[in-house]
1. Has the range 252-266 got at least one residue that is touching a residue at least 60 places away in the same chain (Cβ under 8 Å) and not in a helix (DSSP H, G or I)?
2. How many of the residues making up the range 94-114 are basic (Lys, Arg) and outside any loop (DSSP other than H, G, I, E, B)?
3. Among (1) without any contact (Cβ under 8 Å) to a residue 12 or more places away in the chain; (2) touching a Lys or Arg at 6+ places or on another chain (Cβ under 6 Å); (3) open to solvent by 70 Å² or more (accessible area, probe 1.4 Å), there is one condition Asp233 misses while meeting the rest; what is its number?
4. Taking Glu40, is it touching a residue at least 60 places away in the same chain (Cβ under 8 Å), touching a Lys or Arg at 6+ places or on another chain (Cβ under 9 Å), open to solvent by 60 Å² or more (accessible area, probe 1.4 Å) and not polar (S, T, N, Q)?
5. For the range 173-205, how many residues are loosely packed, with under 14 Cβ neighbours inside 10 Å and in contact (Cβ under 8 Å) with a residue 12 or more places away in the chain?
6. Go through the range 98-132 and give me each residue that's open to solvent by 40 Å² or more (accessible area, probe 1.4 Å), closer than 17 Å to Asp247 by Cβ and of a type outside the set (A, V, I, L, M).
7. Could you identify the single residue in Lys295, Lys240 that is closer than 30 Å to Lys173 by Cα and open to solvent by 100 Å² or more (accessible area, probe 1.4 Å)?
8. Can you go through Lys36, Lys4, Lys99, Lys70 and tell me which one is of a type in the set (D, E, K, R), under 31 Å from the mean Cα position of the chain (by Cα) and within 27 Å of Lys235 (Cβ to Cβ)?
Amino acid sequence: METKTISRQELYDLVWAKPLGQVAQIFQMKDHVLKKLCQEHTIPLPKLGYWQKIKYGKAVQREELPKTKKEIPIELLVDKKGEAAYFKDSYLRRVYELKHEDSLNFEVPAKLGSMHPLVKRTKIALDQWEGRKSFSQHRLYNGPEDILPIHAEAKLRPRALCFMNTLIVVIEKMGHQLISEYGRCHVQMFGQKTEINLRQKFNRVRTKGEHGYGEESWVKTEKLEFMAGPSHDQKRWIDKKTMVLEDCLPEIVAWIEKDCRYWHDLRAKQDEEKQLRELDSLRQKEQEKAIVDEKNKFDQLVKDMEDWEKANRIRAYITALEGQVKSGSDFTADKIEYIQWARKKAALLDPLCNDRDLDYPTLSKWD
């Protein structure tokens, strides 16, 4: 599968240089697809009778190409045969890509050849369960082992097993897997899970009973129905007159891939937002801590200043006391010891004092 790009101006020049059918042959696409492509990109087309007028030499007027805010190249998907296709919807584009992927085989065989181990285990478990339970109870299979979610009677079971076998092979070739959790089966892609189920379609019929009260019953059909997603938001594919379930396999895989990718991107975005919130919270805490640290630092400065003033006032007092003691008659050991103790206290209080274990003179040194 190749991608070919063309600008609006180039496509505009082509559709006004040649009839639409000839331009469609160049790209090997159908006329209505090319016309829709031009409409989606606001490219005007010649009106009816334009080419007839040119053929007979009559005057014609060419409609100008409208300007757009942003010129986006037009992407066309080209297969090996050279046929081009255009899809505005990314889901339909992915379905087309999967259908033309050589490594993937979406053709469901009529009979099973080599069975996937999970399919084989499912077949054995359901055959054994069928022998013990009625079909209505079988639809609520809750056996001891994890098997594929196939709820169909014996008549439709081979077809259901073939379908699931092809689905598993395709998913594993794409690098993904099936996992079972809590009795439910999921397809896991990009680290995200989508629940799947395959069942026989039942129609609900409402009738009135003998006494006029409404009653309802379930009538089984010969159709298979595949469901993907949680029970409250399921995507369903069912057999139709024009298309059987097996033909929808590329659409099913594309939808599961889209669903898992959506949740993967959402989780990644949520994780990124969580990291940003945590980073903002960390920055806020750092700012708050810086404010507290600044306040504590300033408070310590004020305290140091006050302690320095107190220490100097104590020293001045001790100096005066020492002079009085030396000149007076009360020169006693208690006075000297008190003066030494006071000087040490002043040294401990003074934040600028480097030697707080200073040994002051004893009484004997003053004698």
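1. No - not one qualifying residue is present in the range 252-266.
2. Qualifying residue count, the range 94-114: 2.
3. (2)
4. The answer is no for Glu40.
5. So the first thing to find is which residues in the range 173-205 are loosely packed, with under 14 Cβ neighbours inside 10 Å, and the list is 173, 175, 177, 179, 181-183, 191, 203-205.
Now restrict to residues that are in contact (Cβ under 8 Å) with a residue 12 or more places away in the chain: 173, 179, 181, 183, 191, 203-205.
Of the residues in the range 173-205, 8 are loosely packed, with under 14 Cβ neighbours inside 10 Å and in contact (Cβ under 8 Å) with a residue 12 or more places away in the chain.
6. Lys99, His100, Glu101, Asn105, Glu107, Pro109
7. It is Lys240.
8. Values: Lys36 fails: under 31 Å from the mean Cα position of the chain (by Cα); Lys4 fails: within 27 Å of Lys235 (Cβ to Cβ); Lys70 fails: within 27 Å of Lys235 (Cβ to Cβ).
Going through Lys36, Lys4, Lys99, Lys70 in turn, the sole match is Lys99.
The values are calculated or read from the model by the stated rules, or taken from the named source; none is laboratory data. Quantities reported herein were computed from a predicted structural model and do not represent experimental measurements. Using ideal geometry, Cβ is built from the backbone for each residue, glycine included, and neighbour counts are taken over all protein chains shown. Heads up: the accessible areas ignore ligands, DNA and RNA and are worked out on the full protein's heavy atoms, side chains in. Shrake-Rupley method; radii C 1.70, N 1.55, O 1.52, S 1.80 Å.
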